[in-house]
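One structure is given here, and the rest of the page talks about it.
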Amino acid sequence: MDPYRPDMIIFDCDGVLVDSELLSCRCLSEVLAEFGFQLSVEQALGLFLGRSTKAIEQYYRDLGQALPDDFLPRLKASVLERFAGALQPIPGVAAVLSGLETPRCVASSSDLDRVSLSLDVTGLAPHFGDRLYTAQMVRHGKPAPDLFLHAAGKMQADPARTLVIEDSVSGVQAAKAAGMMVWGFVGGGHYRARDGRAILSAAGADRVFAQMSDFWEA
């Protein structure tokens with residue numbers, strides 16, 4: 001596949017379309033503390049960036065510390081409230097989407113209502129319509145390839161001619177496992193104090209870039 005001529009582009013949402021990762025990890029740290037679990041924002045980023053809430057539950061289950069039944073509803077409410085008041089789009093992403101002629105969709109580890117709210121709040125929803133696919137729709141979330149293959153199937157696109165834009169190690173690994181080209185994006189606030197280029201390159205990204213204005217630059 002010519003890297004600049006994909007038949008379809010899959011965008012992750014958090015950290016790629018919207019600058020949400022620090023907000024959501026702060027919520028996670030705060031809500032865990034409400035239930036007596038200590039986890040810093042930095043630890044949350046390291047453990048759960050690009051992962052679904054199932055991964056959070058499994059992590060604590062493996063530690064023998066099952067989360068209470070009301071943890072996930074509380075976390076969801078906290079995140080949605082924080083997003084509604086503070087979420088911003090990634091700088092320059094609206095211009096990229098406006099100029100994009102290639103078919104595109106969103107494939108996210110977040111729940112569908114969170115993705116929908118994120119796109120609504122930031123004004124990006126019209127660029128995608130109902131072409132939103134989430135980890136809720138497949139058995140295995142990232143880093144398994146299931147979600148990206150599901151999205152490609154729904155979009156009637158050949159995985160080998162599909163480009164994925166991702167900000168997380170698990171997302172890059174999922175895209176490569178699906179047989180897709182993947183570009184790592186490190187322009188979100190969560191990479192200001194981390195070497196995102198090295199992290200995503202080591203995960204297998206075909207290219208890493210830090211500004212949406214460089215989207216089509218080699």
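The values are calculated or read from the model by the stated rules, or taken from the named source; none is laboratory data. Note that the coordinates shown come from a computational prediction; the quantities given were computed from them, not determined experimentally. A quick note on method: Cβ atoms are made from the backbone with ideal geometry, for glycine too, and the neighbour counts reach across all protein chains shown. For accessibility, only protein heavy atoms count, side chains too; no ligands or nucleic acids. Shrake-Rupley method; radii C 1.70, N 1.55, O 1.52, S 1.80 Å.
For this structure, a couple of remarks:
- Residues whose amide H lies under 5 Å from that of Met8, counting only those 5 or more places away or on a different chain, are Leu163; hydrogens are built 1.01 Å from N in the peptide plane.
- Taking N as the residue count of segment 1-93, its C-alpha radius of gyration divided by 2.2 N^0.38 Å amounts to 1.27.
- Sorting 160-169, 125-134 by their mean Cβ neighbour count within 10 Å, with the most densely packed peptide first, gives 160-169, 125-134.
- Each Cα pair under 8 Å and six or more residues apart adds its separation to the average, and for the chain the resulting relative contact order is 27 percent.
- A 1.4 Å probe run over the protein chains yields, for the chain, 45 Å² of accessible area per residue, whole-number rounding.
- For the chain, the 222 nm mean residue ellipticity estimated from helices alone, with every DSSP H stretch of n ≥ 4 adding -39500 (n - 2.57) and the total spread over all residues, rounds to -12500 deg cm²/dmol.
- Springs between Cα atoms under 10 Å define the GNM used for the chain, and in it the highest mean-square fluctuation of Ala177, Ala86, Ala144 occurs at Ala86.
- Rounded to the nearest angstrom and listed largest first, the equivalent-ellipsoid semi-axes of the chain from its Cα gyration tensor are 27, 18, 17.
- As a fraction of the 1.4 Å probe accessible area of the chain, surface on carbon and sulfur atoms comes out at 49 percent.
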